[in-house]
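To start, the structure under review is shown below, and the notes come after it.
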Amino acid sequence: PSGSVHELRGTCTGTMAEAPRGEHGFGYDPVFVPDDGDGTRTMAQLSDAEKDAISHRGRAARALAAWLAGRS
């Protein structure tokens, strides 16, 4: 109603693997090695819980939940 906008972002940095690895995830997951992981596994090789903990979507969702909790 007020017209105000609150934007939240989540980031996940990393590098590209030399070749696709892993069976989980979608899109770029088989070739993306996240900096916050162990440095050897791609996103497609991580468990769902590991991926959610470091993914940009998971981080943005947690930031949104925290922001909403602070508004009540």
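Before moving on, here are some points about what is shown:
- Taking one quarter of the surface of the convex hull spanned by the alpha-carbon atoms of the chain gives a direction-averaged projected area of 6.1 nm².
- The Cα trace of the stretch 17-58 gives Rg and Dmax of 9.0, 26 Å, the first to one decimal, the second as a whole number.
- Taking Ser4, Ser47, Ser55 and ordering them by how much accessible surface each has at a 1.4 Å probe, largest first, produces Ser4, Ser47, Ser55.
- For Gly14, the amide hydrogen comes within under 5 Å of the amide hydrogens of Asp35, counting only partners 5 or more places away or on other chains and with H modelled in the peptide plane.
- Residues whose amide H falls under 5 Å from that of Phe32, counting only those 5 or more places apart or on a different chain, are Ala17, Met43, Ala44, with hydrogens built in the peptide plane.
- When only Cα pairs below 8 angstrom with a gap of at least 6 residues are kept, the chain shows a relative contact order of 32 percent.
- Ranked packing of 10-18, 31-39, most packed first, by mean Cβ within 10 Å: 31-39, 10-18
- Apportionment of accessible area to carbon and sulfur, the chain, percent (1.4 Å): 56
- At a probe radius of 1.4 angstrom, the accessible area of the chain per residue rounds to 72 square angstrom.
- Formal net charge of residues neighbouring Ala44 (Cβ-Cβ distance under 10 Å; K, R +1; D, E -1): +1
The values are calculated or read from the model by the stated rules, or taken from the named source; none is laboratory data. Since we're looking at a predicted model, the values are computed, not measured. Ideal geometry is used to build each Cβ from the backbone, glycine not excepted, and the neighbour counts take in all protein chains shown. Ligands, DNA and RNA are stripped out before the accessible areas are found, and what is left, the full protein with its side chains, is counted by its heavy atoms. Shrake-Rupley method; radii C 1.70, N 1.55, O 1.52, S 1.80 Å.
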